[in-house]
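J.: Got a structure here, written out as structure tokens. Questions coming.
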Amino acid sequence: MLSQSTPPFRAEHIGSLLRPKKLLDLRARFSRGETSRGALTAAEDQAIKDAFALQERVGLKLATDGEFRRRSYHSFFYRQLGDISIDTIGGEEATGGQSGKRGTQPVARINSRVQWTKPINVPDFEFIRANTKLVPKITIPGPCALHFRGGDAAVLARAYEDIDQFWDDIAEAFGKELKALADAGCSYLQIDETAFAKFGDPEVQASLKARGDDWSALIDKYVAVTNRVLKAAPATMRIGMHLCRGNRGGQWHAEGSYDTVAERLFNALNIPFYFLEYDSPRAGTFTPLRLVPRHKSVVLGLVSTKTSMMESKDELKKRVEDATRYLDLNCLAVSPQCGFASVDSGNPITPEVQEEKLRLVVELARDIWGEA
């Protein structure tokens, strides 16, 4: 059963928020050398404080910084670990494309060994804690995200001669980051390992096979690697995993149900709660939830961040009721299906719709459980 005082909460959100236009304009000016780093940092600070006010206003119990200091949190995180790009398409950093379409899966380039040299998200956690009474939530990419976007070929192309050394470096780097966050006082972490939701897509399976990967064997490998990281994680930290099928400018990267991975995802993976994308038929039915052990919980991502169309609260209640055919209501919570801006250009919705959707999640939780 979920607790009223510890994560996950009945009403959740995944992490990123729409960047204010003024902040984007100032960052563009900074990139052209037209303003100072100090001016940009001050603008980021104020925009993040405004984001805290938004999260407080709609009634959430948690707060993120909206990823306002980063163009893309995948890119930002892995770049701190070496000469690494996780986010390239045709040699350039990926950006948003035509909304509602399947986007091109970003590709990783690994030009150096993976090495943790300093805390990556600790300053973000400390800023959240200092500026809001809400529970700080830190989100990081999963330990297998880099490999998924390039496979053994990308690992061995320039930086490594031994794939096992790569996985050792990954486990060490993530372990050090989790320890640094825990030492700073962080107790709530979300790992975004979106690969697990993509394995059910025949097109993704074919792509992995074409590059020489056995996609089913990869599921087992990714479970083992993630469990290795989780085993070393501080006991004081509540860690959940977010899964989705791509979220970039309203685009998506995969479709297909969780059936392909459900048994291993819910039973072999040692994680206590999951944030599952469930806002469209692309995610399949709730049937795989029958395999979730009763000591685990699931946050249903029912509200779309890809479109400005507002969901009906009554319809969302029916969807939660449908999910209870497979998992007890006390083991469930609700959220949007993903962030509102996985890259800084954001999804094709307005700030007003973003706030309305976040408020809808809170109201839905209160109506169902009497709390958010």
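The values are calculated or read from the model by the stated rules, or taken from the named source; none is laboratory data. Just so it is clear, the structure is predicted and the values come from calculations on it, not from any experiment. Cβ: placed from backbone, ideal geometry, glycine included. Neighbour counts: every protein chain shown. These area figures cover heavy atoms from the full protein model, side chains too; ligands, DNA and RNA do not enter into them. Shrake-Rupley method; radii C 1.70, N 1.55, O 1.52, S 1.80 Å.
J.: Of GLN55, GLN337, GLN105, which has the largest mean-square fluctuation in a 10 Å C-alpha GNM of the chain?
T.: So, out of GLN55, GLN337, GLN105, the one fluctuating most is GLN105.
J.: Probe of 1.4 angstrom, ligands and nucleic acids ignored: what's the accessible area per residue over the chain, in square angstrom? Please report the intermediate quantities before stating the final value.
T.: Details: 14840 Å² over 372 residues.
It amounts to 40 Å² per residue over the chain.
J.: Where does the range 261-350 land on the Kirkwood hydrodynamic radius, alpha-carbon pairs, in angstrom? Don't skip to the answer; put the middle values down first.
T.: Numbers: mean 1/r = 0.0717 Å⁻¹.
So the Kirkwood estimate lands at 14.0 Å.
J.: Moving to a separate point now. What is the percent carbon and sulfur in the accessible area of the chain, measuring with a 1.4 Å probe over the protein chains and ignoring ligands? It would help to have the intermediate numbers written out before the result.
T.: Numbers: 7350 of 14840 Å².
Here it works out to 50 percent.
J.: Go ahead and run the numbers for FRET between ARG294 and GLU321, Cβ-Cβ distance against an R0 of 22 Å, rounding to 0.05. Provide the component values of the computation, followed by the final result.
T.: On the way: r = 19 Å, r/R0 = 0.85.
Given R0 = 22 Å and the Cβ-Cβ separation, E is 0.75.
J.: Can you give the local net charge around VAL292? Use residues other than it whose beta-carbon is closer than 14 angstrom to its beta-carbon, Lys and Arg +1, Asp and Glu -1. Numbers along the way, then the final one.
T.: Values: positive: ARG264, ARG290, ARG294, LYS296, ARG325; negative: ASP259, GLU263, ASP328.
Result for the local shell: +2.
J.: Connecting C-alpha atoms closer than 10 Å in a GNM of the chain, tell me which of THR324, THR41, THR285 has the biggest fluctuation.
T.: Residue with maximal mean-square fluctuation among THR324, THR41, THR285: THR41.
J.: Longest segment of the chain with no trypsin sites (Lys or Arg not before Pro) in a DSSP loop having at most 13 other Cβ atoms within 10 Å? Please report the intermediate quantities before stating the final value.
T.: Details: sites that count: ARG32, LYS101, LYS133, ARG158, ARG211, ARG294, ARG325.
In short, 212-293.
J.: Also, quick follow-up: Give the separation of the Cα centroids, the range 254-276 to the range 181-203, in Å.
T.: Cα centroid of the range 254-276 versus Cα centroid of the range 181-203: 11 Å apart.
J.: Another question about this same structure. Could you quote the convex hull projected area for the chain, Cα atoms only and averaged over all directions, in nm²?
T.: Working: hull surface 67.0 nm².
Average of the hull's projected areas for the chain equals 16.8 nm².
J.: Among CYS338, PHE273, ALA323, whose Cα sits farthest toward the positive end of the charge dipole of the range 213-372 (+1 at Cβ of Lys/Arg, -1 at Cβ of Asp/Glu, about the Cα centre)?
T.: About the Cα centre, the residue reaching furthest to the positive side is PHE273.
J.: Any idea of GLU355's accessible area? Nearest 10 Å², probe 1.4 Å.
T.: 40
J.: Under the definition of Cα pairs under 8 Å and six or more residues apart, what whole-number percent is the relative contact order of the chain? All intermediate terms of the calculation are to be shown ahead of the outcome.
T.: Details: 713 pairs, mean separation 86.1, N = 372.
Relative CO of the chain lands at 23 percent.
J.: I've got another one for you. Which of ILE239, ILE14, ILE163 moves the most in a Gaussian network model of the chain with Cα springs under 10 Å?
T.: Result for the chain, Cα springs under 10 Å: ILE163 fluctuates most.
J.: Gap in Å between the Cα centre of the range 108-170 and the Cα centre of the range 306-372?
T.: Taking the Cα centre of each part, the range 306-372 and the range 108-170 sit 29 Å apart.
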